[in-house]
Amino acid sequence: MESNPSTMQEQSPSCLEITMEVHSVVPPPHKSTIQKLKTRLKETLFPDDPFRQFKGQPTKKKWVLAAQYIFPILHWGPNYNLKLFKSDIVSGVTIASLAIPQGISYAKLASLPPIVGLYSSFVPPLVYAVLGSSRDIAVGPVSIASLILGSMLTQQVSPTGDPVLFLQLAFTATFFAGLFQASLGFLSRLGFIIDFLSKATLIGFMAGAAIIVSLQQLKSLLGITHFTKKMGFIPVMTSVFHNSQEWSWQTILMGFSFLVFLLVARHVSMRRPKLFWVSAAAPLVCVILSTFLVFAFKAQHHGFSV
C-alpha cells in the first residue's frame, strides 16, 4: 500500500487553519442609584425570590399559590397518608414526653404558673403545623428567654405579692416580643443578621445560658425559699450559702434521686440506641412519679418543697 506524501501533508495538524471570531461585548444597561439599591435589597432580603412562582400564572392559580404560601398545610395536606400519621404519632409522643416537664420548668424559671408553661408547649406547635414550612424545627419556650423574662419582671412586680399583675405583664411582654419577631420575618426577613455573628459569640452565649439556667435550678433542688433575683454566678452562689438554713434534706434527696434516674436513662439510651425511648420518656416519668409521691404521702407537710 502506497501513501501519498502530499495527502499526509495536507492532513498534518500544522497546516490546519484556526479561525478566531471576535464578538463585541455589550456593556450592562445603566442603572440609577435607586435601581441598584433596590436590586441589592432584593438579593439580600429575598434571595429565594418567593414571588417567582407567581409569574405567568392565571389569576385563579395565583390565589391558590398565595394560599399555599401563607398556609403550607394546604400544599402538603392533600398528600398526607397513614404512614406519615404513624410516624407523627411516635414523634408526637416522644416530643410530648419532653415538652411537658420542660414547659413546667420553663414556667418556674419565669416565675409563672406551671399551666402557662404547658400551654406554651402545646399551642405553638399546633399553630406552626398550619403556618410553618420546616419539618425539623422545634417551636416552644426557651430556657434563657424564660429566665430573662422572670428576672426582668420580678424587679418591678412580686410574683407572689401581686400574681395577677405579674401574669398580665408577662403576657404583655411576650405579645410585643412575638409582634416584633413577626414584623422582622414578614416585612424584611432580617434573620440573615445572625450570619454576621461569629461562632465564638454563639458558643459563648449558649454556654453562658446553660450555666445560668443550671445555677437557677439550685433554688428548687435545695428547697430554698428566699433566693436572689440576679442571674450572676457570684450572687447566686452567695444566696445559696447564705440561706443554708433553708436547705431541705428531703427535697435534696428526692431531687438528686430523680437526677440520677435521668442520667442513668440517658446512659442506657447512649449504650443501646434501640432503647432511645428510655431517655425520651424519663423526664415525663419523673414528673408523673414525683407528683404521685407528693400526693400520696402529703409530702408538702413533711418538709418537701413542691
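The values are calculated or read from the model by the stated rules, or taken from the named source; none is laboratory data. Just so you know, these numbers come straight off a predicted model, no measurement behind them. Here Cβ is always computed from backbone atoms with ideal geometry, including for glycine, and neighbour counts include all displayed protein chains. Note: accessible area is taken over every heavy atom of the protein model, side chains too, but ligands, DNA and RNA are not part of it. Shrake-Rupley method; radii C 1.70, N 1.55, O 1.52, S 1.80 Å.
Let's see how each residue does on (1) of a type outside the set (A, V, I, L, M); (2) more than 28 Å from Ile194 (Cβ to Cβ); (3) open to solvent by 100 Å² or more (accessible area, probe 1.4 Å); (4) modelled with pLDDT of 85 or more:
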{"position": "Val22", "(1), (2), (3), (4)": "no, yes, yes, no"}
{"position": "Pro27", "(1), (2), (3), (4)": "yes, yes, no, no"}
{"position": "Lys31", "(1), (2), (3), (4)": "yes, yes, no, no"}
{"position": "Arg40", "(1), (2), (3), (4)": "yes, no, yes, no"}
{"position": "Glu43", "(1), (2), (3), (4)": "yes, no, yes, no"}
{"position": "Arg52", "(1), (2), (3), (4)": "yes, no, yes, no"}
{"position": "Pro58", "(1), (2), (3), (4)": "yes, yes, no, yes"}
Result of the Cβ filter at 9 Å on the stretch 218-237, keeping first residues that are of a type in the set (Asp, Glu) and partners that are surrounded by 19 or more Cβ atoms within 10 Å (Cβ to Cβ), at least 6 apart or interchain, is none
Filtering the stretch 267-306 for residues that are of a type outside the set (A, V, I, L, M, F, W, C), under 25 Å from Gly223 (Cβ atoms) and free of Cβ contacts under 8 Å to residues at least 40 places away in the same chain leaves a count of 5
Filtering helices (runs of 4 or more DSSP H) wholly in the stretch 20-108 for at least 1 residues that are polar (S, T, N, Q) gives 33-45, 59-70
Is it the case that some residue within the stretch 225-234 is assigned to a helix (DSSP H, G or I), surrounded by fewer than 16 Cβ atoms within 10 Å (Cβ to Cβ) and modelled with pLDDT under 85? yes
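Filter the stretch 215-224 down to residues that are of a type outside the set (D, E, K, R) and part of a helix (DSSP H, G or I) and give me whichever is most open to solvent (accessible area, probe 1.4 Å).
Residues of the stretch 215-224 of a type outside the set (D, E, K, R): 215-218, 220-224.
Next, only the ones that are part of a helix (DSSP H, G or I) stay: 215-216, 218, 220-222.
Values: Leu215: 23, Gln216: 31, Leu218: 43, Ser220: 68, Leu221: 42, Leu222: 19 Å².
Per the stated criteria, the residue is Ser220.
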Pairing a residue in the stretch 125-152 that is under 17 Å from Gly185 (Cβ atoms) with any residue that is at pLDDT below 85 and assigned to a loop (DSSP other than H, G, I, E, B), where Cβ atoms lie under 7 Å and the two sit 6 or more apart in sequence or on different chains, gives Tyr128/Val139
For the stretch 70-107 the number of residues that are within 22 Å of the chain's Cα centre (by Cα) and either of a type in the set (Ser, Thr, Tyr) or surrounded by fewer than 18 Cβ atoms within 10 Å (Cβ to Cβ) (or both) is 17
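Table: residues versus (1) closer than 28 Å to Leu289 by Cα; (2) of a type in the set (D, E, K, R).
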site: Ile34; (1), (2): no, no
site: Lys62; (1), (2): no, yes
site: Ala67; (1), (2): no, no
site: Trp76; (1), (2): no, no
site: Val93; (1), (2): yes, no
site: Pro101; (1), (2): yes, no
site: Ser105; (1), (2): yes, no
site: Leu109; (1), (2): yes, no
